[in-house]
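Quick notes on the structure that follows.
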Amino acid sequence: MMLLFLIFTIESTKLPNWDVFRKCDDMRFCKVNRNIQIDDWSLDYNSINITNNIFSGSILYQNKESGIILNMSQLKIGCIRIRFDLTDENESNYRYDISKLDLVIDQTIINDLAKIEMQKEGNQIIIKGINDISIIIKNDPFLITVKKGDRVISNLNVDEQLVFEHNLNIKLPDVEYGGFTESFAYGPTAVGIDIHIPDRTVRFSGMSETDMNMNIPDSTSEPYRRNAFDHYSMYGSIPFLIAHSAKTNTGVFWLNPTDTFFDIRTMSSSRKVRFLSEGGYIDCLIFDEDMKTMIDHFTQLTGKPAAPPIFAFGYSQSRWGYKTQDEVETIIDKFDEYELPLDIFWLDVDHLKGSAPFEFNHETFPDPDKLIKKLADNKRYLVRLCDIHLPTWEDHKVYQEAKSKDYFVKNIDGSDFVGNCWPGKSSYLDLLDEDVRSWYSTQFYYNNIPDVTAPNVFFWNDMNEPSVFEQMEGTFPKHVQHRNKIEVRETHNLYGILNHASTYEGLINRNEDKNSRPFILTRSFFAGSQKFSWTWTGDNYADWGVLKRSLSVHMNMGLNGFPFTGSDVGGFTGDPSGELLVRWFQLAAFTYPFFREHCYYGSEYREPYLFEGEIFNCLQEAMYKRYRLLALWYTAGMMANRTGISPIVPMFVEWPEIDEMHDVTHQVLLAESILVAPVLEENVTEVDVIMPPGVWYDFYTGILQNKTSSVNVSLMDTPAFMRGGKIIPLYLLDSAPTNTRNVLPRPITLLVALDENNESEGIIYLDDGLSFNFQKGEFIFRKFTLKNMTITSRRVENETSVPDVLNNSIIEQIIVYGIDDRPVIFQNSFNLCEDWDFQVFFMKNSHNEKRSNAPIYILIASICVLIGITLIILIIKRNMKKKQDQYEEINKH
Ligand code: NOJ
């Protein structure tokens with residue numbers, strides 16, 4: 001059976017097999033509530049009040065008490081919170097209130113409320129908050145409208161289909177699906193509401209990973225679903241929908257971790273989303289501000305992305321199927337032999353005895369210390385797979401300890417739930433419990449993973465939806481219970497974040513000084529996961545469509561505040577052609593924050609050195625490009641740690657007022673400076689580029705670009721364009737890069753691209769890339785500005801000291817685009833850590849009409865002066881000669 005499941009899993013990864021998963025009509029909560037008729041809800045105006053800046057009022061159903069209360073507030077960060085609660089505490093006990101989980105929501109931010117005031121005007125209640133925001137509630141029909149000034153941001157319950165099922169007395173019958181049974185301990189629990197955005201041109205994006213275009217089209221007869229499963233593009237959920245157009249930028253955060261369906265429709269004057277979740281609360285946060293501010297605020301609420309260790313931006317080599325230490329060491333040597341950079345080597349399930357987490361196969365990997373040292377000696381890292389299931393073996397130390405502490409999730413009868421995964425029968429930790437999480441975190445301490453750990457060893461939390469073989473939809477049955485009797489139905493999409501949050505805690509605490517940045521890769525995630533982990537899109541396949549859509553996935557994840565993502569380069573299953581692999585390397589080098597080649601054991605080996613000739617050259621060149629851009633990636637990555645904004649953003653983020661930009665999903669802007677238009681299709685010789693306003697240069701040649709461009713491409717090319725007005729740091733690599741730490745202290749080249757006023761600016765941020773010393777001011781953070789023909793370097797913040805590794809860092813040259821048709825190079829050495837000014841002298845460029853004429857006048861004037869002086873000297877000399885001749889003539893006589 002397990003084998004059958006295995007085959008099924010592997011086969012199904014080739015093409016999404018949606019049939020395994022239940023559709024809306026297969027589940028009562030969705031089927032019944034999606035088709036409800038208009039429901040008669042209203043607000044009891046006699047019950048309303050404002051206490052501690054929270055508006056509340058009872059909700060009536062058919063004019064009778066419903067047991068539901070409406071709470072509304074405005075957070076000081078500006079967003080509106082609309083929440084429907086239960087009045088009966090007993091009823092609340094079987095629901096899980098995710099808004100109180102600090103791993104997801106910052107409790108200070110969510111409780112820091114703006115002052116609101118309320119007034120009654122005719123048949124409506126008006127609540128006024130800060131930033132010109134107001135909320136209007138009407139009865140008959142019950143409608144909530146959020147406004148900013150006179151502009152309506154959103155209308156809730158336009159369709160009068162609000163759902164809040166709650167009644168402990170109703171018993172639901174067991175259901176069967178695919179040969180499995182599911183029970184319901186607490187009766188119906190669904191919640192749902194429709195939200196209309198009054199602009200029919202808005203595109204809907206976000207809602208985390210899914211193998212689709214960034215802009216989500218209207219749903220068909222089947223709504224979209226977000227429930228974490230072991231299936232490509234279904235592993236996690238960030239229920240944050242972004243509605244964007246030239247006129248609108250609204251975000252709707254549906255704070256609900258249960259199985260969720262959503263419909264999207266375009267109406268005559270609006271677009272709407274209707275969420276329907278199996279449990280939890282209607283808890284909805286509505287943002288309305290420019291995109292960057294919104295991401296900043298959303299990541300204040302859910303947490304800023306963890307400070308990335310620098311090696312995470314380097315190249316990662318992985319494969320399910322590296323079976324022996326010999327094989328692994330040979331591969332690492334090949335990278336050096338072929339001058340290919342490598343930062344992280346990954347060990348998949350193959351290295352675990354019996355495929356079990358916290359075990360190690362000492363037969364096939366006889367000397368792990370040697371392997372770890374080999375990597376450490378070259379400043380490289382090892383990442384080990386560490387799944388969440390614990391095999392029920394008598395000799396599995398971690399399982400036995402958890403068992404003795406009664407730490408597993410339970411069946412209805414109170415026994416431990418036992419499922420099946422790689423090692424066979426396994427139980428699953430009850431990670432909702434803080435004690436369990438804290439105990440689990442200690443498993444990552446050095447003395448708890450004997451022999452096979454070190455400061456350069458990190459972990460990969462896979463299968464954490466969780467994946468449970470031979471169960472309905474391949475995960476926990478929903479009736480499995482946590483220790484407080486809450487069903488996993490209420491918490492399902494949180495299992496991943498509970499897993500990697502504890503791993504993160506363990507990796508921080510394993511060092512006495514707690515001063516090393518953890519690196520974790522997780523497959524499942526929820527809003528807030530960005531605080532602890534990186535993620536990737538799981539088991540994709542070698543296909544051009546997958547390559548193309550992956551860019552959309554990563555842009556969406558960035559909009560959802562989770563910037564550090566990537567996809568298996570080359571595809572997890574299947575075998576990419578040389579051309580597809582090259583294009584994938586190029587795409588990753590420029591647009592994936594996480595750049596890892598990984599595949600399934602049935603795929604052919606595809607390590608880049610196995611290729612020859614043009615393909616090898618192109619792969620190597622793509623990798624080198626990544627390392628040339630390292631300072632840019634790292635700067636943008638550390639800025640993401642402060643702002644939440646991803647190093648890569650879709651075009652509309654920078655040019656929201658241009659309608660066309662909202663539909664550009666095949667291009668991306670890297671670090672606000674480089675427009676990347678990667679080749680995403682087979683046999684392509686030309687790529688169409690949509691140029692935003694402003695001055696743009698070919699990234700490689702510095703040639704000024706036309707507004708709409710079609711560029712020719714060879715296999716070697718990744719079209720990219722430098723934004724006029726920006727200055728970026730590059731490593732020009734005089735010798736082959738081996739890894740990020742080796743590149744970090746190398747000399748920097750500044751690439752300066754002039755805008756229409758001959759100005760530009762940019763930043764560089766560098767630190768040791770590994771520790772938290774940056775929090776004490778140990779970093780270099782410089783702003784470069786070009787103005788009045790002078791480039792200046794100034795410190796941005798008060799650094800206390802420069803990390804040792806950067807002590808001798810210099811800028812060795814400055815390349816300027818826009819002075820001439822070709823780049824102008826200034827060879828000069830500048831200390832990266834000091835303030836300096838440097839005068840560049842340039843002539844008017846015919847492409848750049850608005851440019852100042854001063855330089856040319858100065859030049860002409862100087863030449864005139866020079867000619868004048870020469871003439872005067874010549875005249876004087878001539879006169880002197882004449883006089884001399886006359887004198888000699890006189891003397892002769
Ligand atoms: C599933 C993961 O998605 C995949 O990347 C990994 O290789 C396998 N599990 C085996 O561990």
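The values are calculated or read from the model by the stated rules, or taken from the named source; none is laboratory data. This is a predicted model, so every value here is computed, not measured. Methodologically, a virtual Cβ is constructed for each residue, glycine included, from the backbone with ideal geometry; neighbour enumeration extends over all protein chains shown. What goes into the accessible areas is simple: the full protein's heavy atoms, side chains included, and nothing from ligands, DNA or RNA. Shrake-Rupley method; radii C 1.70, N 1.55, O 1.52, S 1.80 Å.
On the basis of being under 27 Å from Glu91 (Cα atoms), open to solvent by 10 Å² or more (accessible area, probe 1.4 Å) and of a type outside the set (Val, Ile, Thr), does Arg510 make the cut?
Details: under 27 Å from Glu91 (Cα atoms): no; open to solvent by 10 Å² or more (accessible area, probe 1.4 Å): yes; of a type outside the set (Val, Ile, Thr): yes.
Judged against the criteria, Arg510 is not a match.
Name the single residue that is farthest from the ligand (Cβ to nearest atom) among those in the range 438-453 being in contact (Cβ under 8 Å) with a residue 12 or more places away in the chain and open to solvent by 50 Å² or more (accessible area, probe 1.4 Å).
The extreme case among them is Ser438.
Are any residues in the range 291-330 within 16 Å of the ligand (Cβ to nearest atom) and touching a residue at least 40 places away in the same chain (Cβ under 8 Å), and if so, which ones?
Selection gives Ser316, Gln317, Ser318, Arg319, Trp320, Gly321, Lys323, Val328.
Given the criteria surrounded by 19 or more Cβ atoms within 10 Å (Cβ to Cβ) and in a loop (DSSP other than H, G, I, E, B), does Thr201 qualify?
On the way: surrounded by 19 or more Cβ atoms within 10 Å (Cβ to Cβ): no; in a loop (DSSP other than H, G, I, E, B): yes.
Answer is no for this residue.
Among the listed residues Phe444, Phe365, Phe360, Phe417, identify the single one that is out of contact with any helix residue (DSSP H, G or I) (no Cβ under 7 Å at 6 or more places or on another chain) and at pLDDT 95 or above.
Numbers: Phe444 fails: out of contact with any helix residue (DSSP H, G or I) (no Cβ under 7 Å at 6 or more places or on another chain); Phe365 fails: out of contact with any helix residue (DSSP H, G or I) (no Cβ under 7 Å at 6 or more places or on another chain); Phe360 fails: out of contact with any helix residue (DSSP H, G or I) (no Cβ under 7 Å at 6 or more places or on another chain).
From the options Phe444, Phe365, Phe360, Phe417, the qualifying one is Phe417.
Pull up the range 395-413, narrow it to residues that are of a type in the set (A, V, I, L, M, F, W, C) and open to solvent by less than 40 Å² (accessible area, probe 1.4 Å), then point me to the one that is farthest from Phe360 (Cα to Cα). Write out each step before concluding.
Filtering the range 395-413 for residues of a type in the set (A, V, I, L, M, F, W, C) gives 398, 402, 408-409, 412.
Filter once more, keeping what is open to solvent by less than 40 Å² (accessible area, probe 1.4 Å): 398, 402, 408-409.
Values: Val398: 13, Ala402: 19, Phe408: 23, Val409: 26 Å.
Out of the qualifying residues, it is Val409.
So Arg517 passes all but one of these: (1) out of contact with any strand residue (DSSP E or B) (no Cβ under 9 Å at 6 or more places or on another chain); (2) more than 26 Å from Thr260 (Cβ to Cβ); (3) in a helix (DSSP H, G or I); (4) open to solvent by less than 10 Å² (accessible area, probe 1.4 Å). Which condition number does it fail?
If we test Arg517 against (1) out of contact with any strand residue (DSSP E or B) (no Cβ under 9 Å at 6 or more places or on another chain); (2) more than 26 Å from Thr260 (Cβ to Cβ); (3) in a helix (DSSP H, G or I); (4) open to solvent by less than 10 Å² (accessible area, probe 1.4 Å), just (3) comes out false.
Suppose we filter Leu385, Leu371 for residues that are open to solvent by less than 10 Å² (accessible area, probe 1.4 Å), in contact (Cβ under 8 Å) with a residue 24 or more places away in the chain and closer than 28 Å to Val436 by Cα; which single one remains?
Values: Leu371 fails: closer than 28 Å to Val436 by Cα.
When all the criteria are applied, what remains is Leu385.
Out of all the residues in the range 454-471, which are open to solvent by 20 Å² or more (accessible area, probe 1.4 Å) and not charged (D, E, K, R)?
Start the filter on the range 454-471 by keeping residues that are open to solvent by 20 Å² or more (accessible area, probe 1.4 Å), which leaves 455, 470-471.
Passing the criteria: Pro455, Gln471.
Yes/no matrix, rows are residues, columns are (1) more than 16 Å from the ligand (Cβ to nearest atom); (2) crowded, with 24+ Cβ neighbours inside 10 Å:
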site: Phe229; (1), (2): no, no
site: Gly236; (1), (2): no, yes
site: Asp263; (1), (2): yes, no
site: Ser268; (1), (2): yes, no
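How many of the residues in the range 783-801 are in a loop (DSSP other than H, G, I, E, B) and under 29 Å from the mean Cα position of the chain (by Cα)? Don't jump to the end; show me each part of the working.
Of the range 783-801, the ones in a loop (DSSP other than H, G, I, E, B) are 788-789, 796-800.
With under 29 Å from the mean Cα position of the chain (by Cα) added as a condition, the list becomes 796-799.
Qualifying residue count, the range 783-801: 4.
Given the range 559-664, what helices (runs of 4 or more DSSP H) lie entirely inside it while holding 3 or more residues that are buried (at least 24 other Cβ atoms within 10 Å of the Cβ) and within 18 Å of the chain's Cα centre (by Cα)? Spell out how you get there, then give the answer.
Details: elements: 578-591, 613-628, 630-643, 651-654.
Those helices (runs of 4 or more DSSP H) span 578-591, 630-643.
Among the residues of the range 132-174, how many are part of a strand (DSSP E or B) and loosely packed, with under 15 Cβ neighbours inside 10 Å? Write out each step before concluding.
Filtering the range 132-174 down to residues part of a strand (DSSP E or B) leaves 133-138, 143-148, 151-156, 163-164.
If we keep only those that are loosely packed, with under 15 Cβ neighbours inside 10 Å as well, we get 151.
The number of residues fulfilling the criteria is 1.
Open to solvent by 10 Å² or more (accessible area, probe 1.4 Å) and over 21 Å from Pro563 (Cα atoms): is that true of Asn249 in this structure? It would help to see each step written out before you state the result.
On the way: open to solvent by 10 Å² or more (accessible area, probe 1.4 Å): yes; over 21 Å from Pro563 (Cα atoms): no.
No: the conditions fail for Asn249.
Could you pull out the residue among Asp377, Asp435, Asp416 that is more than 20 Å from Asn464 (Cβ to Cβ), away from the ligand (no atom under 16 Å from the Cβ), open to solvent by 20 Å² or more (accessible area, probe 1.4 Å) and free of Cβ contacts under 8 Å to residues at least 40 places away in the same chain? If you could, list the steps in order and put the result at the bottom.
Working: Asp435 fails: more than 20 Å from Asn464 (Cβ to Cβ); Asp416 fails: more than 20 Å from Asn464 (Cβ to Cβ).
Result of the check over Asp377, Asp435, Asp416: Asp377.
Filter the range 538-553 for residues that are touching a helix residue (DSSP H, G or I) at 6+ places or on another chain (Cβ under 7 Å) and open to solvent by 20 Å² or more (accessible area, probe 1.4 Å) and give the result.
Ala542, Trp544
Within the range 691-735, can you find the residues that are under 24 Å from the mean Cα position of the chain (by Cα) and either modelled with pLDDT under 95 or within 19 Å of Glu660 (Cα to Cα) (or both)?
Pro692, Phe721, Arg723
Please go through the range 334-364 and give me each residue that is hydrophobic (A, V, I, L, M, F, W, C) and away from the ligand (no atom under 16 Å from the Cβ), ordered by number.
Residues of the range 334-364 hydrophobic (A, V, I, L, M, F, W, C): 335, 340, 342, 344-347, 349, 352, 356, 358, 360.
Matches in the range 334-364: Phe335, Leu340, Leu342.
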